[in-house]
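First up is the structure itself, then whatever we jot down about it.
The values are calculated or read from the model by the stated rules, or taken from the named source; none is laboratory data. Everything numeric in this text was worked out from a predicted model, so none of it was measured. Note that we place each Cβ from the backbone using ideal geometry, even for glycine, and neighbour counts take in every protein chain shown. In case anyone asks, the SASA skips ligands and DNA or RNA and just uses the protein heavy atoms, side chains included. Shrake-Rupley method; radii C 1.70, N 1.55, O 1.52, S 1.80 Å.
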Amino acid sequence: MTRAGAVAAVDLGATSGRVVVGHVDQSSGRLDLEQVARFPNGPVRLASGLHWDFTGLYRDLSQGLAEAFRREPDVSSIGIDSWAVDYGLLRGGRLLGEPFHYRDERNADAVDGVHARVPFAELYRRNGLQFLPFNTVYQLAAERDRGWLDLADAMLLIPDLVAFQLTGEQVAERTNASTTGLVGVTTGEWDAELVERLGLEASLLPDLVSPGALIGPLRPAVAAELGAPDGVDVIAVGSHDTASAVVAVPMRAESAAYISCGTWGLVGVELEAPVTSDAARAANFTNEGGVDGRVRFLHNVMGLWLLSESVRWWERDGSRVVLSELLDAAAAVDRPVALFDANDPRFMAPGDLPGRIVEWCAEVGVAAPQTRAEFARSIIESLAQAFADAVRSASVLSGVDVETIHIVGGGALNELLCRRTADRAGIPVLAGPVEATAIGNVLVQARAQGFATGELEALRDLVARAFEPVRYEPRR
């Protein structure tokens with residue numbers, strides 16, 4: 001018999017963060033969320049490179065948690081999720097500097113050095129990760145080469161760094177740790193031999209914990225600052241935001257693909273075991289840890305970053321672009337637009353993305369967009385095609401016969417993107433819930449607290465009862 005309860009989810013994204021209070025009562029089917037705080041997040045360019053403003057981020061999330069306890073004094077635990085791969089270095093419990101941003105240019109210099117020590121084919125067999133130049137393993141190698149690791153005695157990924165500030169406990173949650181490139185794809189443990197061959201110190205890596213584990217209670221001083229009652233725990237969730245989002249996809253894993261769509265589009269299927277074949281490596285698919293030991297077999301697509309960064313570029317002169325109006329205009333474009341490679345590395349860095357799209361079109365000899373509406377339509381069509389291609393590849397490589405595609409996250413609100421993905425994939429798209437990451441965070445906490453029971457399928461049934469997806473049928 002379950003009981004009802006409330007928990008707080010800290011959900012940190014690459015452009016914003018928020019604090020959400022979730023109420024769960026599995027017996028009645030209650031699952032609702034209240035956003036109590038939202039705050040911006042983004043890179044800061046310092047003399048040393050591109051960083052995150054972790055100090056400001058922690059200040060903002062702390063204020064959000066204080067508001068959560070003000071509104072709901074019965075919050076019994078806190079869970080934290082964020083983007084993957086980035087980390088902070090500590091010495092004696094002190095943060096040595098603001099964490100580097102994964103888009104910092106230093107990473108590219110380390111790739112060849114890592115592959116010289118461990119060829120990528122072997123690296124893939126060991127960690128199951130697709131090649132991305134910002135994976136933690138390359139970031140750490142860059143810092144090793146500069147001597148910066150010599151100053152540190154601990155490395156904590158962003159959600160674990162937040163948990164440390166709240167509790168004083170240093171751990172590494174498995175779903176996020178799986179994105180570092182240093183965890184064995186079959187063992188789920190730190191790969192000590194790989195760490196040694198890469199010239200890294202195993203002592204930097206904290207103990208691994210699984211989603212649902214107790215990290216620790218709030219430090220007394222923190223609890224006082226937040227206005228939290230005694231006994232509030234921080235619980236490990238799927239701290240990689242995609243791991244939390246996949247928990248809340250109301251799917252039948254044996255016949256569905258998911259797209260967790262925000263800054264990035266994470267396109268894949270859920271499996272019981274990893275796929276590390278040569279074909280999967282060639283297709284640049286990754287095997288990341290999921291909640292309950294599941295495997296997220298997926299491919300990274302650039303995502304709505306392409307649109308948001310284009311808008312930011314257009315607004316640099318102080319003008320304002322209304323996204324809803326831009327998408328309406330994009331939907332009304334009645335001539336063919338350029339389909340570009342959404343995964344081209346040139347689109348990774350901040351800056352003039354519309355100009356880079358024009359550059360790409362010129363190189364391949366296709367007509368470039370001319371108006372902002374055409375640029376937006378080109379981005380949407382290119383993303384939809386990339387999503388459809390990734391779903392087909394995931395199906396072929398994994399053996400999952402995909403009958404439906406679930407889009408969750410902010411992209412579920414983009415009607416044009418959902419519709420065109422269904423059209424290009426030739427498969428129905430079910431859009432929602434939008435708040436999948438926060439819902440997954442809440443549900444893992446709720447299960448740990450006894451507010452819910454069962455495996456992922458039971459949690460997803462609760463999601464399906466609480467949130468009605470929007471269905472898009474493919475147009476032939």
Compute the distribution of all C-alpha to C-alpha distances in region 290-337, in bins of 5 Å from 0, and list the percent of pairs in each, rounded to whole numbers. 5, 14, 16, 17, 14, 10, 7, 9, 6, 1
For VAL222, the accessible surface traced by a 1.4 Å probe with all protein chains present amounts, in square angstrom to the nearest 10, to 10 Å²
Per residue, the convex hull volume that the Cα atoms of region 388-476 enclose (Å³): 104 Å³
Tensor-based shape of region 202-323 (alpha-carbon gyration tensor, a/c under 1.5 rounded, otherwise prolate or oblate): oblate
May I ask for the Rg/Rh ratio of region 61-156, computed from Cα atoms with Rh as the Kirkwood radius, given to two decimals? 1.11
Please give the charge dipole size of region 49-188, origin at the Cα centre, charges +1 on K and R Cβ atoms and -1 on D and E Cβ atoms. Round to the nearest 20 debye. 260 debye
Considering the options TRP313, VAL269, ALA367, tell which one lies farthest towards the positive end of the dipole of the chain, charges being +1 on Lys and Arg and -1 on Asp and Glu at the Cβ, about the Cα centre. ALA367
Cα extents of region 337-386 along the three principal axes, largest first, in whole Å? 23, 21, 20
Hydrodynamic radius of region 153-193 per Kirkwood, over alpha carbon pairs, in Å: 10.9 Å
Roughly how many debye, to the nearest 20, is the charge dipole of the chain about its Cα centre, given +1 on each Lys and Arg Cβ, -1 on each Asp and Glu Cβ, and no other charges? 620 debye
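Determine the sum of side-chain charges near PHE134: Lys and Arg each +1, Asp and Glu each -1, restricted to other residues whose C-beta is under 14 angstrom from that of PHE134.
-3
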Taking Rh as the Kirkwood radius, which is the inverse of the mean 1/r over Cα pairs, what is the Rg/Rh value for region 244-305? 0.96
Computed over region 425-472, protein heavy atoms only, probe 1.4 angstrom, the accessible area per residue in square angstrom equals 34 Å²
What is the pair-distance distribution P(r) of region 334-426, computed from all Cα-Cα distances in 10 Å bins starting at 0, with each bin given as a whole percent? 15, 43, 32, 10, 0
On a C-alpha basis, how far is the centre of region 102-123 from the centre of region 40-96 in Å? Whole number, if you could? 27 Å
Euclidean distance of C-alpha centroids, region 329-348 and region 398-439, integer Å: 19 Å
Quick one: if you stick a label point 7 Å off each Cα along the C-beta vector at GLU34 and GLU105, how many nm between them? 4.8 nm
If you average 1/r over every pair of different alpha-carbon atoms in region 198-237 and take one over that average, what Kirkwood value in Å do you get? 12.3 Å
Taking the Cα centre of region 224-281 as origin and charging only Cβ (+1 Lys, Arg; -1 Asp, Glu), how large is the dipole, in debye to the nearest 20? 300 debye
Taking only C-alpha pairs under 8 Å that are 6+ residues apart, what is the relative contact order of the chain in percent? 17 percent
Prolate/oblate/rounded label for region 134-204 (Cα gyration tensor, a/c 1.5): oblate
Stokes-Einstein D (µm²/s) once Rh is taken as the Kirkwood radius of region 266-372 over alpha-carbon pairs, at 37 °C in 0.692 mPa s: 199 µm²/s
How far is it, in nm, from the label point at SER203 to the one at ASP292 when both lie 7 Å from their Cα along the line to the Cβ? 4.0 nm
If you count only protein heavy atoms with a 1.4 Å probe, what accessible area per residue comes out for region 289-406, rounded to a whole Å²? 42 Å²
With T = 25 °C, eta = 0.890 mPa s and Kirkwood Rh from C-alpha pairs, the Stokes-Einstein D of region 101-237 in µm²/s is about 153 µm²/s
Taking 8 Å as the Cα distance limit and 6 or more residues as the minimum spacing, I'd like the relative contact order of region 135-218 as a percentage. 36 percent
How long are the three semi-axes of the equivalent ellipsoid for the chain, computed from the Cα gyration tensor as the root of 5 times each eigenvalue, in whole Å, largest first? 32, 28, 23
Ignoring ligands, DNA and RNA, what percent of the accessible area of region 372-458 is carbon or sulfur (1.4 Å)? 48 percent
Contour minus Cα-Cα span, VAL364 to LEU416, at 0.36 nm per residue, comes to 16.1 nm
Label-zone membership for region 139-162, site ARG117, 7 angstrom Cα→C-beta point, backbone N under 13 Å: 139-150
Long-range HN-HN contacts of GLY216 with modeled amide H, under 5 Å: VAL234
Cut-off 13 Å between beta-carbons: net charge of the residues surrounding GLU270, Lys and Arg +1, Asp and Glu -1: -2
Taking a label point 7 Å from the Cα of VAL396 along Cα-to-Cβ, the residues of region 404-431 whose backbone nitrogen sits under 18 Å from it are 424-427
Relative contact order of region 389-434: what whole-number percent is it, with Cα pairs under 8 angstrom and at least 6 residues apart? 43 percent
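For GLY399, what charge total do you get from the other residues with a beta carbon under 12 Å from its beta carbon, if Lys and Arg give +1 and Asp and Glu give -1?
Values: positive: none; negative: GLU254, GLU272, ASP401.
Value of the local net charge: -3.
In square angstrom, what is the accessible area per residue of region 25-152 with a 1.4 angstrom probe?
Value returned for region 25-152: 42 Å² of accessible area per residue.
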Estimated D of region 20-99 in µm² per second, where Rh is the Kirkwood radius over Cα pairs and Stokes-Einstein applies at 20 °C, 1.002 mPa s: 141 µm²/s
